[in-house]
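In what follows, a single structure is set out as structure tokens and then discussed.
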Amino acid sequence: MIDIQLVRRDPERVRAALARRGDDFDLDRLIASDARWRAQTGRRDEVRGRIKSLSRDVGEARRAEDAGRTEELAGQSRSLGQEEKSLDAEVAALEAERRELLLLIPNLPDPEVPDGRSPADNGVRRWWSPGPGSEGRSEPPDPSEYGPHQRVPHWEIGAQLGVLDMERGSKLSGSMFPVYRGLGAKLLRAMNAMALDRHADAFEEIRPPTLVRTDTMVSTGHLPKFADDAYHIERDDLWAIPTSEVPLASLRRGEILAEGDLPVRLTAGTSCFRREAGSAGRETRGVLRVHEFDKVELFAYTTPRQAQEMFGEIVGRAEGLLRELGLAYRVVDLCAGDLGQASARTYDLEVYAPGSDQWLEVSSVSWCGDYQARRASIRYRPADGSGPAYVHTLNGSALAPGRPWAALVETGRQEDGSVRLPECLRPYLGGAAEIPAP
């Protein structure tokens, strides 16, 4: 959540930032709710002060053996006690209302985020496509580079090679639940393993639960606003995670870290679950949009000064994996109107899939400032001895193999129908260099 002090101190700045997002959040309602909470809190605390003073007076009257004065003051204290109880309940209700509004307000975009209202306003920062030399070419891929044999969509390739079975996935669980088979399943597992191994030098691997409590989902900003996109197990009040960012962000919830321990780098490979409630009208064939998928996440807690460097590091690591896989990609700078709820700045990495002729988002790297840390109450103690401050959180997909899987089988398809596999994955595939044609 954003800092309520900023809302009190500079509401017009907050209003302008929300306008950049195109968000219709009712800031005046939050300001009024906060004012009522502060006023009633002041009244309750005043009454508490009077009760405390009366308690001293009652003690003095008793010591003076003034029974009449003692009873009179005790009566006043009981009356004020009832008033305090009523005010305390009112303050609690107002605090709940104020917190609910604070949980709904999105993060404020960083000043460097480009203006815009939709994905059409996002800017491409750079391109990369395989070519002569190890650095590739910083330009859009030329469609003529891809032969007709690569212009076959992955759902057709997968069915032809027996490595992707959407029909049986639908039989088991419904639409948008793929079944990977044989070398298709091994390829998916290999991509996960490679992604985890590539970051073992600096990121601690975590295997968190995939079912979490409501407050864990609230901490990242996924609740309460996006409840319709998540799977909820009502009997146990647990949520299936949409990304391992959710448990990683709460791993240190309620703690105060030492500045010397920051940054904290974490990585996790988990299954992820999304209802895709807003997928109507979008491309849902094959594995482009599914309800369950694997993902390797990178996550960090930092000080504010460390955040920008960490943002660059996570983007660089995600790019490095795509280069190893030999996939053409672009880095997209999301405009203010396309940012996620918790994000102050986001770069999306999109790979080109020649068979479906689409740019597919495969990684989203976000800097959230202290937005999530305020919700999760995660702070650090500065080395200079000043009071605890909120950490900044950053997250990014190291690799969500589903869509890269699609791009790989389309890009790697040969004229005979086989699929050539990237060399970097072969150690994870028992040396296999291709998915053979049937």
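Given the criteria of a type in the set (A, V, I, L, M), closer than 13 Å to residue 404 by Cβ and touching a helix residue (DSSP H, G or I) at 6+ places or on another chain (Cβ under 8 Å), does residue 287 qualify? Yes. Scanning the range 228-287 for residues that are of a type in the set (D, E, K, R) and within 13 Å of residue 213 (Cα to Cα), we see that the one that is surrounded by the most Cβ atoms within 10 Å (Cβ to Cβ) is 253. Of everything in the range 72-108 that is among the charged types (D, E, K, R) and exposed (fewer than 13 other Cβ atoms within 10 Å of the Cβ), the residue that is modelled with the lowest pLDDT is 78. Can you spot a residue in the range 195-218 that is hydroxyl-bearing (Ser, Thr, Tyr) and surrounded by fewer than 19 Cβ atoms within 10 Å (Cβ to Cβ)? Checking the range 195-218: at least one residue is hydroxyl-bearing (Ser, Thr, Tyr) and surrounded by fewer than 19 Cβ atoms within 10 Å (Cβ to Cβ).
Given the structure, is residue 401 crowded, with 21+ Cβ neighbours inside 10 Å, touching a Leu at 6+ places or on another chain (Cβ under 6 Å) and either farther than 20 Å from residue 150 by Cβ or not aromatic (Phe, Trp, Tyr) (or both)? For residue 401, the condition - crowded, with 21+ Cβ neighbours inside 10 Å, touching a Leu at 6+ places or on another chain (Cβ under 6 Å) and either farther than 20 Å from residue 150 by Cβ or not aromatic (Phe, Trp, Tyr) (or both) - is met. The residue pairs whose first member lies in the range 316-332 and is closer than 13 Å to residue 198 by Cα, whose second member is part of a loop (DSSP other than H, G, I, E, B) and of a type outside the set (Asp, Glu), and whose beta carbons are closer than 8 Å, counting only pairs six or more residues apart or on different chains, are 317/199; 323/136; 324/422; 325/422.
Take the range 171-198 and flag every residue that is under 19 Å from residue 275 (Cα atoms), outside any loop (DSSP other than H, G, I, E, B) and out of contact with any Leu (no Cβ under 8 Å at 6 or more places or on another chain). Of everything in the range 171-198, those that are under 19 Å from residue 275 (Cα atoms), outside any loop (DSSP other than H, G, I, E, B) and out of contact with any Leu (no Cβ under 8 Å at 6 or more places or on another chain) turn out to be 171, 172, 173. The residue that is surrounded by the fewest Cβ atoms within 10 Å (Cβ to Cβ), among those in the range 124-170 that are in a helix (DSSP H, G or I) and at pLDDT below 95, is 144.
The values are calculated or read from the model by the stated rules, or taken from the named source; none is laboratory data. Just so we're clear, the structure is a prediction, and the values are computed from it rather than from any experiment. Heads up, the Cβs are rebuilt from the backbone with ideal geometry, glycines too, and the neighbour counts pull from every protein chain shown.
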